[in-house]
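Notes to accompany the following structure.
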There are 2 protein chains.
Amino acid sequence: MHKVLVGGEWRPAARPAGSFNALDPETGKNLPGAYPVSTWPDLRDALEAGAAAADGLADIGPGPIADFLEAFAGKLEERRDELARTAHLETALPLEPRLRTVEFPRMADQLRQAARACRDRSWCRATIDSGLNIRSKLGPLGGPVVVLGPNNFPFAFNAAAGGDFAAALAAGNPVIAKANPGHPETTRLLAEAAWEALQGTSLPRSAVQLLYHFGPEDGLKLVSHPLVGATAFTGSRAAGLKIKQAADRAGKPVYVEMSSANPVFILPGALRERAEAIVGELAGSCLLAGGQMCTKPGLAVLVDDAAGRQFTAAVKAAFESAGPGILLGPKVLQGLKEASARLDRSGAELVTGGREPGGPGFRFLPTLFRLPGAAFLHDPAAFQVESFGTLTLLVLARDAAEMAEIASRLEGHLTGTVYSHSGGADDAAYAALEPRLRRKVGRLLNDRMPTGVAVSPAMNHGGPFPATGHPGFTAVGLPAAMTRFAALHSYDNVRPGRLPAELRDENPTGRMWRLVDGEWTQKSL
Amino acid sequence: MHKVLVGGEWRPAARPAGSFNALDPETGKNLPGAYPVSTWPDLRDALEAGAAAADGLADIGPGPIADFLEAFAGKLEERRDELARTAHLETALPLEPRLRTVEFPRMADQLRQAARACRDRSWCRATIDSGLNIRSKLGPLGGPVVVLGPNNFPFAFNAAAGGDFAAALAAGNPVIAKANPGHPETTRLLAEAAWEALQGTSLPRSAVQLLYHFGPEDGLKLVSHPLVGATAFTGSRAAGLKIKQAADRAGKPVYVEMSSANPVFILPGALRERAEAIVGELAGSCLLAGGQMCTKPGLAVLVDDAAGRQFTAAVKAAFESAGPGILLGPKVLQGLKEASARLDRSGAELVTGGREPGGPGFRFLPTLFRLPGAAFLHDPAAFQVESFGTLTLLVLARDAAEMAEIASRLEGHLTGTVYSHSGGADDAAYAALEPRLRRKVGRLLNDRMPTGVAVSPAMNHGGPFPATGHPGFTAVGLPAAMTRFAALHSYDNVRPGRLPAELRDENPTGRMWRLVDGEWTQKSL
């Protein structure tokens, strides 16, 4: 049985409740290697070591943390082929280009961006009121950040190396990573590289810890424990809501990215102008990675006219010609079956797919439903179902006005997209639609599908509930994502020599941006 | 019975569950004027009108909102004497200087600061990634902000004119104000001035609404309603926790400022150097406004030696010579009795006070408890009780090391203060204490009591749970307090003419600060 990484050491799980294997999604069979299901003694040890590591990290400042993040990225690159092969085996995501050439470099780049943001220090929003001698900045939380990673990005969102990991460390917090049980070996290898990178640094040995699995009760106890700093979770709505509730009750910051239908509105002029191209983009976006993307369009809205019906037929054809994707695991398959059944029960009409194709492993046919706009408006909640995988509902509205009305009845989603005529023929419809859609989504797109999530300082990979738990934060994009893992620290009349470097009169790097008496500046006082 | 302000009109409460009067704290008797206890029809109407007003505010931009905030401040100043007299009658807080000369101008200044921040636009953290054409900013929540004001600041924290009100409006959100039942007439007059100021503007009529009271069930339904944008509450821990739980479950942002013991650590050198001055500062801070301050020191920690015992005696004498303060109302009196009884039961020793002095109205003797450090460490939670009013616990530690250990066992508080020797004799003790205290408090002070809360951009009037619900936000200080009432809005590939002014290539004011490709700048692209 594999060892957990607790308190700076790879050690056998203290009193495991059992073990699990990863599954090969292509065959549904066990992969070699058993991973422990930890119980409270492991979690408690990780919390206590993490709390001590929080003290240590607060002392050493950003330089060594940035060095570590960069060393870690380097160690990972030495193992790129092994990591990509392992992730492919555990997830069935394409080795090329997806895992090796797209997601792997993204992971390494995120670590390096986080290192730069950490070293730059501007992320902490140092604010100086020189007249009153009150100074403030964002600082670490004082406890470890628990990161619970999703199944669909074994690198870029991995609990032991992905965006939340990088953001939490760069903000000065230790991480307790919990592997996604879909890819424990990938996660073990990542944590091993992190552990190796730690050895050469002054960071506390427990700055990075790894557990593979634990029961839901222990998980809720963990995220609500007094020693924890915060929690970041990416996954299903059911699990996210439980984690959020437990942490909220304990007053612990919690960031859950739970689900999103990512509505795409295709205005009539756009359809007249370039239906074929949009069919290709929508189908491509829905089919990418078997539809197992947080930002996959699960809902597309257009007008129910000849062009709309032709569009439906073309998407159907594209879905059918693609064939079934291999899913990450049995839960994804189960979720797609349930979502199909729910849409069917609610009165949506199945256009294609909706079932397993047969064969080994975890597969489901690309699935398209359609529904009149009036039916959507009659029960909007019923048709914004969590559908992780290629399952999309086309809503055919009476006219552009009904499309805007549909936008008003949306829940919170990560993204909202509007395709419109390039010459301005849809501008009036856009103007009516945009304000309604804007408030329901974190990222608003024009004429581009939402599946790509760039690591940009201006990105918002977040959105109103139930997409996430708070509309003010993003999980992707540096340095913005770091602010989730920070507390506001004000210093009132504190003696100069006792201030953190970022708040002293002298700019600690000469280049750090600080808000001094209302002006952003890189100058010293 | 007074009218509520709903949907832009002063109207009788729809189906009130009853009425209430304000009490004169000096006599405990009813003041004239009956105010309705609203039921769901009023709350529903306010929500619906507020949701419509959110649309309207999003359209008009910051200029008219800033004009309104300034016009409101002007209207208030025209009524300053009447308002100060009314607040004095309802709260028994001193007319001069407190209400008329300190708190009133602070309220007006906050409104004007909010107007400036609104017009300046830099608060929204416009971030432009010109290479990828992704742009983001903070934007309004899309629904009204419910503000539930506290009893202790009838002006500066009033739901209809105080800091939360100003911050929510300046961030582009309508406000549904709920008066504190301790000062309904003050709140009515403030809302009347707001309503008058609204008339001359292009703001939606329902940008400001007022209810006086409603039952707890309706309140929880309100803060968790789909149409609501967010909630801000300042008050007791019991009420705050219920509101937080209801809003959290619904995924609605909620900011609760609940309670804080504001620990003050007096290191041995400081006591040797200037015990008398510190006694005066501590007693003054504890006695200010009858101790009814969010930032009143409820806990002071010092070494149990001759100096410490002399200090205790001097604070006792100062408390006794001050005499009983008049409290804001019967709940405050009840809270002090309960806190005293709880400390007594837990084993703290009563030094002075601990009872009502007799006489009319709501009064309690300034109350001092003491406790050995070891007893505190044995059960830290028992001794961090909510004690709103002049009630302070002196913890007498074995030595400076035990003082640091006590800091480690603190809950989250708004402030933490350290008094130390001016010549450096306490520097080693400070270095051991500071990291432990830093993580437990929002604002760390040196050599100054925490009761004053300056309206500074670097202020943090916030702190880790249970002081508030999230350690990353402040309720005081502009523009920081505005960010609580905002959602992150990202625009990905959105056509230039469709971007909000703050995100277009041209800087909309020529002076707004924006983060463009990693540099803070006032330039256009």
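The values are calculated or read from the model by the stated rules, or taken from the named source; none is laboratory data. Not measured: the values here are computed from a predicted model. Here Cβ is always computed from backbone atoms with ideal geometry, including for glycine, and neighbour counts include all displayed protein chains. When the accessible area is computed, the model is the full protein with side chains, heavy atoms only, and any ligands, DNA or RNA have been set aside. Shrake-Rupley method; radii C 1.70, N 1.55, O 1.52, S 1.80 Å.
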>> Based on alpha-carbon centroids, what's the gap between the range A:313-349 and the range A:361-439 in Å, whole number please?
In response: 17 Å
> With heavy atoms of protein chains only and a 1.4 Å probe, what residues of the range B:480-496 have at least 10 Å² less accessible area in the full set of chains than alone?
Replying inline: B:Ala486, B:Ala487, B:Leu488, B:His489, B:Ser490, B:Tyr491, B:Asp492, B:Asn493, B:Val494, B:Arg495
> Normalized C-alpha radius of gyration of chain B, against 2.2 N^0.38 Å?
Replying inline: 1.00
> Looking at the P(r) of the range B:398-525, how many percent of alpha-carbon pairs lie beyond 23 Å?
Replying inline: 53 percent
> Amide H neighbours of A:Leu394 under 5 Å, counting only residues 5+ apart in sequence or on other chains, H built in-plane at 1.01 Å?
Replying inline: A:Ala300, A:Phe369, A:Arg370, A:Leu371
>> Need the per-residue list for the range A:437-476: every residue with at least 50 Å² less accessible surface in the complex of protein chains than in the chain by itself, probe 1.4 Å, sorted by number.
In response: A:Arg438, A:Arg439, A:Asn446, A:Arg448, A:Ala458, A:Phe465, A:His470, A:Pro471
> Classify the range A:432-476: rounded, prolate or oblate, from the alpha-carbon gyration tensor (a ≥ b ≥ c, eigenvalue square roots; a/c under 1.5 rounded; otherwise prolate if a/b is larger than b/c)?
Replying inline: oblate
> Could you sort B:Trp513, B:Trp195 by accessible area so the largest value comes first, with the probe set to 1.4 Å?
Replying inline: B:Trp195, B:Trp513
>> Need one number for the range A:103-260: average projected area of the convex hull over its C-alpha atoms, nm².
In response: 10.8 nm²
> For the range A:1-160, what is the Kirkwood estimate of the hydrodynamic radius, computed as the reciprocal of the mean inverse distance between distinct Cα atoms, to one decimal in Å?
Replying inline: 18.5 Å
>> Through the Karplus equation 6.51 cos²θ - 1.76 cosθ + 1.60, θ set to phi - 60°, convert the phi angles of the range B:307-317 into ³J(HN,Hα) values in whole Hz; use x for Gly and Pro.
In response: 5, x, 6, 5, 4, 4, 5, 5, 5, 3, 4
>> Could you report the protein assembly as shown's accessible area per residue, 1.4 Å probe, as an integer in Å²?
In response: 33 Å²
> With solvent modelled as a 1.4 Å probe, how much accessible area in total do chains A and B shield from it at their shared surface, in Å² to the nearest 100?
Replying inline: 5600 Å²
> Is the range B:111-165 rounded, prolate or oblate when judged by the Cα gyration tensor, a ≥ b ≥ c being the square roots of its eigenvalues, rounded requiring a/c under 1.5 and prolate requiring a/b larger than b/c?
Replying inline: prolate
>> Are there any residues in the range A:111-142 with a reduction of at least 30 Å² in accessible surface when going from the isolated chain to the assembly of protein chains? Probe 1.4 Å, please list them by number.
In response: A:Arg125, A:Thr127, A:Asp129, A:Leu132, A:Ile134, A:Gly142
> Taking amide H positions as placed 1.01 Å from N in the peptide plane, with prolines and chain starts having none, which residues 5 or more places from B:Glu257, or on another chain, fall under 5 Å of its amide H?
Replying inline: B:Phe233, B:Thr234, B:Gly235
>> Let me check something: with ligands and nucleic acids excluded, how do B:Thr101, A:Thr509 order by accessible area (1.4 Å probe), largest to smallest?
In response: B:Thr101, A:Thr509
> What residues have an amide H closer than 5 Å to that of B:Ser19, excluding those fewer than 5 places away on the same chain, when H is modeled at 1.01 Å from N in the peptide plane?
Replying inline: B:Val37
> Using alpha carbon coordinates only, what is the Rg to Rh ratio of the range A:66-192, with Rh defined as the Kirkwood radius?
Replying inline: 1.08
>> Given the DSSP H assignment, sum -39500 (n - 2.57) over each helix run of at least 4 residues in chain B and divide by its residue total; what's the result at 222 nm in deg cm²/dmol, nearest 500?
In response: -12000 deg cm²/dmol
> For the range A:55-60, what does the Karplus curve 6.51 cos²θ - 1.76 cosθ + 1.60, with θ = phi - 60°, yield as ³J(HN,Hα) per residue in whole Hz, taken in order and with x for Gly and Pro?
Replying inline: 4, x, 5, 4, 7, 8
> In whole angstrom, how far apart do the alpha carbon centroids of the range B:156-181 and the range B:441-484 sit?
Replying inline: 18 Å
>> At 1.306 mPa s and 10 °C, plugging the Kirkwood radius over alpha-carbon pairs of the range A:160-250 into Stokes-Einstein gives what diffusion coefficient in µm²/s?
In response: 113 µm²/s
>> Probe radius 1.4 Å, ligands and nucleic acids left out: which of B:Arg438, A:Arg100 has the largest accessible area, and how do the rest follow?
In response: A:Arg100, B:Arg438
> In whole Hz, what ³J(HN,Hα) sequence does the range B:508-514 give by Karplus (6.51, -1.76, 1.60; θ = phi - 60°), x for Gly and Pro?
Replying inline: x, 10, x, 10, 4, 7, 9
> Over the Cα atoms of the protein assembly as shown, what Rg and Dmax result, in angstrom?
Replying inline: 29.1, 92
> In chain A, what percent of the accessible surface is made up of carbon and sulfur (1.4 Å probe, ligands and nucleic acids excluded)?
Replying inline: 53 percent
> Projected area of the range A:286-437, taken from the Cα convex hull and averaged over every viewing direction, in nm²?
Replying inline: 8.8 nm²
> Taking the label point 7 Å from Cα in the Cβ direction, how far apart in nm is A:Arg511 from each other copy of itself, listed shortest first?
Replying inline: 3.0
>> With an 8 Å Cα cut-off and a minimum separation of 6 or more residues, compute the relative contact order for chain B in percent.
In response: 17 percent
>> Taking A:Gly452 in one copy and the same position in all the others, each labelled 7 Å out along Cα→Cβ, what are the pairwise distances from the first, in nm, shortest first?
In response: 5.5
> In nm, one decimal, shortest first: how far is the label point of B:Leu350 (7 Å from Cα along Cα to beta carbon) from the matching points in the other copies?
Replying inline: 7.5
> In the protein assembly as shown, what % of DSSP beta bridges are antiparallel (nearest 5)?
Replying inline: 40 percent
